[in-house]
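A quick write-up on the structure given underneath.
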Amino acid sequence: MSDIGGILVTGANGFVGGHLCRALCDDGWRVRAAVRGAGGGEALRGMGCDIIEVGDVGPDTDWAASLSDVQYVVHLAARVHVMDARGRDAQAYHNVNAAGTARLARSAAAAGVRRLVYVSSVQVNGEGTAPGRPYREDDPPAPQDTYGVSKRDAERALAEVAAGSALEMVVLRPPLLYGAGVGANFRALVQAVARGAPLPLGAIRNTRSLLFVGKLVDAIMLGLRHPAAAGQTYLLSD
């Protein structure tokens, strides 16, 4: 498929971004890969992406050059969740995840972008398990830490921009991701298994959803194209 359109991917050199950019390039999209600074895009350039440096994502980021001749945006860039960040660095999380997302959305709307797909997090719903069932998209948001709160606030900002513009929004809330190149908590778990550490999983009475990164990529690409996805929020799992 050739020349589907111009798309900006933020956080392009991250775990999800690398998988997504490869799939988009293979599918014929003209991909502009936004990276924080120099040296972050060699692999992406090899895929055929146009690399653009945007610096820190926040309330003052200048997205004008990034959004030139772009019809779609996938926003992956974020200050990510870490296990000891509960209640800490609230302003830093807000600046990147909430105010930074709002700034991008307003800039995209002003630039005439058609649709923005935002990769949020199931932590907007909460940390535990809804009574007797999995979380649903229409459950009231109940984030329990700084990261989840910042993602909830980002979603609210997107809804405000969409209500006042022609920009279509699609929100995806994935759970814990796995796949080639994964880091963070899942990598730590895999490393523990590789060391032969005993894991008390048999004593745990809690069901958690996981999502393969390739399936998240599929969901993002469907969210970019499907007419019925506009304005929707989706929880994802394998």
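Worth a mention:
- Positive-end residue of 183, 234, 196, charge dipole of the range 176-238 with Cβ unit charges: 196
- Amide H contacts under 5 Å for residue 51, placed H, 5+ residues apart: 33
- GNM top mover of 43, 203, 12 - the chain, alpha-carbon springs below 10 Å: 203
- Per-residue 3J(HN,Hα) values for the range 54-60, derived from phi via the Karplus relation 6.51 cos²θ - 1.76 cosθ + 1.60 with θ = phi - 60°, read 10, x, 6, 7, x, x, 10 Hz in sequence order (x marks Gly and Pro).
- Over the range 21-61, the fraction of Cα-Cα pairs per 5 Å bin, rounded to whole percents and listed from the shortest bin up, is 5, 27, 27, 18, 14, 7, 2.
- Remark on residue 74: its backbone amide H falls under 5 Å from those of 8, 9, 10, 117, a criterion applied only to residues 5 or more positions apart or on other chains, H modelled at 1.01 Å from N.
- Kirkwood Rh and Cα Rg combined as Rg/Rh, the chain: 0.96
- In summary, the range 6-132 shows an alpha-carbon radius of gyration equal to 1.10 times the 2.2 N^0.38 Å reference for compact globular proteins.
- Entry comment: accessible area of the range 145-238 is 55 Å² per residue, from protein heavy atoms only and a probe of 1.4 Å.
- Calculated from backbone phi, Karplus (6.51, -1.76, 1.60) coupling profile of the range 200-210 in Hz, x at Gly/Pro: x, 5, x, 8, 9, 10, 8, 9, 10, 7, 10
- Accessible area ranking (1.4 Å probe, heavy atoms, ligands and nucleic acids excluded), largest first, for 204, 52, 4, 220: 204, 4, 52, 220.
- Principal axis dimensions, the range 125-238 - Cα atoms, whole angstrom, descending: 54, 30, 25
The values are calculated or read from the model by the stated rules, or taken from the named source; none is laboratory data. These figures come from a predicted structure and were not determined experimentally. All Cβ positions, glycine included, derive from the backbone under ideal geometry; neighbour counts span all protein chains shown. In case anyone asks, the SASA skips ligands and DNA or RNA and just uses the protein heavy atoms, side chains included. Shrake-Rupley method; radii C 1.70, N 1.55, O 1.52, S 1.80 Å.
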